[in-house]
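Asker: This is the structure I want to talk about, given as structure tokens.
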Amino acid sequence: MIQQIPPQTNHSQLATLLHQQAQAADGISFADFMAQALYHPQYGYYMTPRDRIGKAGDFYTSSSVNALFGRLIARQLAQMAELLSSETFQIVEQGAGEGHLALDILDALAEESPELYARLTYTLIEVSQDNRQRQAKSLAAHADKISWNDENDWSITSGCFLSNELVDAFPVHVVEKHSGVLKEVFVTSQDDTFVEEVRAPRGSRLTEYFAWLGYSPIEGNRAEANVSAPDWMRHVGQCIERGFVLTIDYGYPTKELYAPHRRAGTLMCYHRHQADDNPYDRVGEKDMTAHVDFTALQKAGSEAGLETLSFSEQYRFLLGLGFFEELVRLEAAATDEKEARALRLTLKNLIMPEGGMGETFKVLVQGKNVGTPELLCSREIGAIPFG
Ligand SMILES: C[S@@+](CC[C@H](N)C(=O)[O-])C[C@H]1O[C@@H](n2cnc3c(N)ncnc32)[C@H](O)[C@@H]1O
């Protein structure tokens with residue numbers, strides 16, 4: 001079945017290469033197409049030097065909105081360190097982008113918990129050389145605390161592994177179900193145009209994935225399958241002896257992710273702060289993402305000894321960590337009402353459900369060999385002091 005062809009403007013070497021690959025292989029899976037578009041070593045969106053995050057880039061992340069996000073996460077990390085009470089506290093962050101979150105966490109800990117700052121290490125895991133360079137630049141003031149490791153070469157004896165908007169950037173398979181049979185979207189090349197074809201999946205990985213998940217896609221709907229996410233989560237669990245995993249991303253539990261009304265799935269592209277759903281246009285110049293299945297992450301985590309300690313919307317997580325208390329403090333420090341108002345408007349983005357990052361963004365906290373502690377981030381709203 002050949003799908004409708006969306007308009008495409010592609011003059012890049014990456015597009016040429018993808019056309020050649022699609023022709024040679026008689027079509028490549030959408031996951032392979034996305035993997036190359038984002039991570040081709042020379043031409044991929046994340047691998048070439050460009051501004052991706054913030055005003056001059058393509059999208060904002062919570063950590064690029066305001067330092068308060070990292071400051072509140074630092075509070076949660078400080079409590080985790082207290083719970084673990086070990087000699088050193090290892091923080092490992094994967095997919096740190098330009099290093100905003102790491103910087104805000106390290107600044108906050110240096111200021112508010114100097115004893116913890118003195119005994120911590122901060123390891124960054126990053127596929128993009130360009131981002132590694134940006135991280136080194138942002139984190140110059142903490143150079144003696146940070147180091148970089150490869151994805152398959154890190155471990156935590158006692159500490160916390162964290163990521164913000166990493167899993168949504170993993171390449172996804174795109175599936176549809178027709179007459180009760182699972183099909184997959186392949187990308188072919190016809191007259192220099194990328195064309196989608198819905199075919200039987202190659203191999204059994206997708207069928208096995210949905211059987212493991214215990215879910216069957218809805219007839220006629222399009223959906224994504226992030227099959228590398230559970231593998232990644234199991235790997236993270238295996239690399240931790242004792243500690244926590246904090247995963248922040250946009251997404252839903254399985255049932256909600258694949259709800260009947262989500263007829264076209266959740267795949268989105270971002271270019272210069274414009275969102276669109278055409279991954280075949282400006283290949284290599286746009287970010288591509290899909291919402292994360294948090295049920296899959298919890299299930300895979302539990303297979304690797306990670307117990308879910310908290311799963312909530314980002315607004316609840318931030319409120320638990322003292323968002324309003326900090327807002328009042330920052331407002332009091334503002335030089336005038338105009339500055340205080342601007343601050344309120346900026347910070348609102350972190351907790352607003354509509355058009356903000358408060359609700360679609362979720363925070364999953366898992367623990368391995370840590371028992372079931374009461375975490376600050378999961379405090380009941382009634383138990384939180386408001387200013
Ligand atoms: C959307 S950005 C994350 C932004 C950042 N965490 C923030 O808060 O601003 C995705 C990041 O994950 C990185 N990345 C993607 N896949 C990765 C992998 N398998 N291992 C390490 N980093 C990865 C990308 O290069 C990029 O730095």
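Asker: Could you pull the accessible area for Trp212 with a 1.4 Å probe, rounded to 10 Å²?
Answerer: Ignoring ligands and nucleic acids, Trp212 comes out at about 60 Å².
Asker: Follow-up. Using the C-alpha atoms of the chain, what convex hull volume per residue, in cubic angstrom, is computed?
Answerer: Roughly 147 Å³ of hull volume per residue.
Asker: Still on this structure: Tilt of helix 13-24 relative to the longest C-alpha principal axis of the chain, in degrees (0 to 90, nearest 10)?
Answerer: Compared with the principal axis, the helix lies near 50 degrees.
Asker: Okay, moving on. Given a 1.4 Å probe and heavy atoms of the protein chains only, how would you sort Lys368, Lys55, largest accessible area at the top?
Answerer: These residues rank, largest area first, as Lys55, Lys368.
Asker: Give the angle, between 0 and 90 degrees and rounded to the nearest 10, that separates the Cα long axis of helix 323-333 from the longest principal axis of the Cα atoms of the chain.
Answerer: 60 degrees
Asker: Could I ask something else about it? Quick one: with all protein chains in place, what share of the accessible area of region 13-367 is carbon or sulfur, to the nearest percent (1.4 Å probe)?
Answerer: 50 percent
Asker: Let me ask something else. Under 10 Å from the Cβ of Met268, count the other residues' Cβ atoms, weight Lys and Arg +1, Asp and Glu -1, and hand me the total.
Answerer: In short, -3.
Asker: Below 14 angstrom from the Cβ of Ile28, what's the summed charge of the other residues (Lys, Arg +1; Asp, Glu -1)?
Answerer: -3
Asker: Solvent-accessible area per residue for the chain at a 1.4 Å probe radius, Å²?
Answerer: In whole numbers, the chain has 43 Å² accessible per residue.
Asker: Straight-line reach from Lys348: which lysines have Cα under 18 Å away, leaving out those fewer than 8 places along the same chain?
Answerer: List returned: Lys55, Lys338, Lys362.
Asker: Oh, and also: Using Cα springs under 10 Å in a Gaussian network model of the chain, which residue among Met47, Met34, Met288 shows the largest mean-square fluctuation?
Answerer: Met47
Asker: Add -39500 (n - 2.57) for each DSSP H run of 4 or more in the chain, then divide by its residues: what number comes out at 222 nm, to the nearest 500 deg cm²/dmol?
Answerer: -10500 deg cm²/dmol
Asker: Working with all protein chains in place, sort Tyr250, Tyr270 by solvent-accessible area computed with a 1.4 Å probe, largest first.
Answerer: Listed by decreasing accessible area, they come as Tyr270, Tyr250.
Asker: Over the chain, calculate the relative contact order: mean separation of alpha carbon pairs under 8 Å at least 6 apart, over the residue count, as a percent.
Answerer: In percent, rounded to a whole number, it is 20.
Asker: Counting only DSSP beta bridges with both residues in region 13-367, what percent are antiparallel, rounded to the nearest 5?
Answerer: Restricted to region 13-367, the bridges split so that about 60 percent are antiparallel.
The values are calculated or read from the model by the stated rules, or taken from the named source; none is laboratory data. In this text, all values refer to a predicted model and were calculated from it rather than measured experimentally. Counting neighbours? That spans all protein chains shown, and the Cβs are built from the backbone with ideal geometry, glycine included. Please note that ligands, DNA and RNA were not included when accessible areas were found on the heavy atoms of the full protein model with its side chains. Shrake-Rupley method; radii C 1.70, N 1.55, O 1.52, S 1.80 Å.
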